[in-house]
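Asker: Take a look at the following structure, please.
The values are calculated or read from the model by the stated rules, or taken from the named source; none is laboratory data. This structure is a prediction, so every number in the text was calculated from the model and none was measured. Neighbour counts are summed over all protein chains in view; Cβ atoms, including those assigned to glycine, are modelled from backbone coordinates with ideal geometry.
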Amino acid sequence: MNVKKLLNNRSFKSVSASIIAILFGLLIGYIILLISNPAQATRGFIIILNGGFNGGLRGVGNTLHNAMPIILTGLSVGFAFKTGLFNIGASGQFILGAFAAIYIGVKWTFIPVGYLWIVALIGAMIAGGIWGAIVGVLKAFRNVNEVITSIMLNYVGMYLVNFLVVSTVFDLTRNQSLSPLNAYLPRGGLDVLFPLSSANIGIIIAIVIAVIMYIILEKTTFGFELKAVGYNREASRYAGINEKKSIIFSMMIAGALAGLGGGLLYLSDIGKHIEVVDILAAEGFNGIPVALLGLSNPIGIIFSGLFVGHMNMGGFYIQRLRFVPEVINMMISIIIYFSALSLAFKSFIENLSKKLGGRTK
Amino acid sequence: MTLSTFYFLVQQTMFYSIPLLIVALGGMYSERSGVVNIALEGTMVIGAFVSLYFMNQMQSTMSGQLLLVLSMLIAAATGMLLSLFHAYASINMKANQVISGTALNLFAPAFAIFTARMLIGVQQVTFMNTYRIPLVPYLSDIPVLGDLFFKNTYITTFVGFGILIIATFVLYKTRFGLRLRACGEHPQAADAAGVNVKKMRYIGVLISGALAGLGGLVLMVPVTTAFDGQVGGYGFLALAVLIFGQWRPGRILFAAFFFGLMKTISAAYTGIPILLALGIPSYMFKMIPYLATIIILTFTSKKSAAPRAAGEPYDAGKR
């Protein structure tokens, strides 16, 4: 009986569908390693599975640091998903947030050192929020497809930030942004737990934000209204919800989350700078698999972000065996593909539960 | 503006417009059959990668237009192969089409970089451009038109126009085209009338894959000699062209040329004296195609002519 109950539980079905997708992705990843270098494949695969643990406590700290920005861009994409929108523009929102944080960190020297990072992070959220809100406004009032606008704004944002960096906070000799020396994030004790790693208070902020997003979505009228518009725009309007306002707010919040991710990553003291090159910020796109694997649930996103961060660290360490780290992105994309097929997994599990149900009778 | 600058501008615009045209026409076939294909970007990457790798390997033994034609066939076949995964997910498994497309978009550049580094040790696939046709015999002697379309050109340009003509004819003048459109508008009615919706949608997605793969190669050949595992958002621009073109071939042609011109201005403004004299930073020029897309869509999206069933898995139970 208990097994049947478990199999019928909706969230159990979703989580097990994700896990099956992950297993498929790992399996195919192993096959890719086997094809490219049979002799080292098994060693390489074990390194990928170990992820950050390859580097001991330091590696684990780096996994946390790696997960921090993608948890936030994942929350950004996931929050928009919950409200019926596909925010593929986290990359642009992320880099604008990063620029705002660096700009404030470098230029606003009138703010006391201990508080500057907080102001810089608020600036990052505002910048990202504005970038996201543009998408929402165009969607709400002009019916412009949010997928197209947000992608176009990724490119506009990248070139805009390159321009702004060069004209305001530019380090000419290194072709990158200046360091926000007075606005580095505090370590928050994580340097004691994970010595020599990059981990700082950012991961704690990311987790706290995820919990806040969960409360907003699940426990407040505001969150309910946003989700209602996501499920059915017409019905929500009929129920008296201002659906235009909801769309704009939802994209603004999604943008602010991605922007905060950018701020947190670029305010760490490990020498991360905005480089003036024509490449979109990868952290924004990595938010999409994180959100999908986390089933757009903020708590789920914490775990999927840690998982993807862990895999990325594995990608870093397999370079020792001369494997190309892109294999990780291939594995993640395969995982996403299989989670898109999850409907089939779910019905498979449903069939299983029916069979079991028949037997218990 | 001198006449030669104008000719230069038109020739450059061709290089950017033709791939957009080809890929957007591919997207049109997929969406009008009822499947949204946002994997166009990834499909372009994979088509360009495999065909340029073929070119890279064969250019010492073969050269000239035959190699280009073979590469084009390979690009189309590769794109078709990748789109098979999208078709299976969205048609057989009734998966979320945006998620499936996103997975392929993520997969393609990773695959290209991984494979390139495994096979040739570096990320970039280089090739020699021996395909430019300086003068098309006889046709280039036509005044004005000869200068515009038959000098400094590639066979890909003519292939692009050929595809436009065939695509338009098939969509509007054949029984197949009518059935395909019916599947995108009202699949239940099409099914009731005896049309095999699954098959039609498979064909639609496979055509989009072939054209997107081809478009990836067509984009790369005239403008670069090194492929770096990305096509710079061109697949997404093609989607915008499709929307701006209201899912109709004639308007798609116009839209593709508009965006091609925008891209030319952003990429080649240094060769256009008037624009160079303005002294605007290069970053601003680079933004132009993307900003223009947003502005155009702001004014054209209110009344959308999207196929009504695009993006929805077919459910026979809804008849």
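Asker: Could you please tell me which pairs satisfy a Cβ distance under 7 Å, a separation of 6+ or placement on different chains, a first residue in region A:277-288 that is under 10 Å from A:N154 (Cα atoms), and a second residue that is hydroxyl-bearing (S, T, Y) and assigned to a helix (DSSP H, G or I)?
Answerer: Within 7 Å, the pairs are A:L280/A:S91; A:A281/A:S91; A:G284/A:T73; A:G284/A:S91.
Asker: If B:H186 satisfies all but one of (1) at pLDDT 95 or above; (2) in contact with a Lys or Arg (Cβ under 8 Å, 6 or more places away or on another chain), what's the number of the condition it fails?
Answerer: (1) is the only condition that B:H186 fails.
Asker: Does any residue in region A:139-159 that is over 17 Å from A:I247 (Cα atoms) and free of Cβ contacts under 8 Å to residues at least 24 places away in the same chain come within less than 8 Å, Cβ to Cβ, of a residue that is in a helix (DSSP H, G or I) and of a type outside the set (K, R) six or more places away or on a different chain, and which pairs are these?
Answerer: The qualifying pairs are A:M152/B:F236; A:M152/B:A240; A:M152/B:Y290; A:M152/B:L291; A:M152/B:T293; A:M152/B:I294.
Asker: If we scan region B:136-153, do we find a residue that is under 25 Å from the mean Cα position of the chain (by Cα), outside any helix (DSSP H, G or I) and aliphatic (A, V, I, L, M)?
Answerer: Yes: one or more hits.
Asker: Assuming B:Q246 fulfils every condition listed in (1) touching a residue at least 12 places away in the same chain (Cβ under 8 Å); (2) in contact with a Ser or Thr (Cβ under 9 Å, 6 or more places away or on another chain); (3) part of a helix (DSSP H, G or I) apart from one, which condition is it?
Answerer: Failing condition for B:Q246: (3).
Asker: If you don't mind, another one. Please tell me if A:R359 is modelled with pLDDT of 85 or more, basic (K, R), farther than 30 Å from A:V166 by Cα and not in a loop (DSSP other than H, G, I, E, B).
Answerer: Against the criterion (modelled with pLDDT of 85 or more, basic (K, R), farther than 30 Å from A:V166 by Cα and not in a loop (DSSP other than H, G, I, E, B)), A:R359 does not qualify.
Asker: Go over the candidates B:A76, B:A89, B:A48 one by one and state the one that is surrounded by 24 or more Cβ atoms within 10 Å (Cβ to Cβ) and without any contact (Cβ under 8 Å) to a residue 40 or more places away in the chain.
Answerer: Going through B:A76, B:A89, B:A48 in turn, the sole match is B:A89.
Asker: Let me ask something else about it. Out of the residues in region B:12-34 meeting the condition of being touching a Ser or Thr at 6+ places or on another chain (Cβ under 7 Å) and at pLDDT below 95, tell me which one is surrounded by the most Cβ atoms within 10 Å (Cβ to Cβ).
Answerer: Here the answer is B:Y16.
Asker: Quick one: which of A:D278, A:D269 is over 12 Å from the mean Cα position of the chain (by Cα), assigned to a loop (DSSP other than H, G, I, E, B) and more than 14 Å from every other protein chain (Cβ to nearest Cβ)?
Answerer: From the options A:D278, A:D269, the qualifying one is A:D269.
Asker: List the pairs whose first member sits in region A:192-205 and is more than 15 Å from A:L265 (Cβ to Cβ), whose second member is of a type in the set (A, V, I, L, M, F, W, C) and outside any helix (DSSP H, G or I), and whose Cβ atoms are under 8 Å apart, counting only residues at least 6 apart or on separate chains?
Answerer: Correct list of pairs: A:L193/A:A199.
Asker: How many residues are part of a helix (DSSP H, G or I), within 7 Å of another protein chain (Cβ to nearest Cβ) and either more than 20 Å from the chain's Cα centre (by Cα) or closer than 12 Å to A:G92 by Cα (or both) when one looks only at region A:123-152?
Answerer: Count: 5.
Rundown of residues vs (1) buried (at least 24 other Cβ atoms within 10 Å of the Cβ); (2) of a type in the set (D, E, K, R), yes/no style:
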{"position": "A:G240", "(1), (2)": "no, no"}
{"position": "A:F249", "(1), (2)": "no, no"}
{"position": "A:L265", "(1), (2)": "yes, no"}
{"position": "A:S268", "(1), (2)": "no, no"}
{"position": "A:L280", "(1), (2)": "no, no"}
{"position": "A:S296", "(1), (2)": "no, no"}
{"position": "A:F316", "(1), (2)": "no, no"}
{"position": "A:R322", "(1), (2)": "no, yes"}
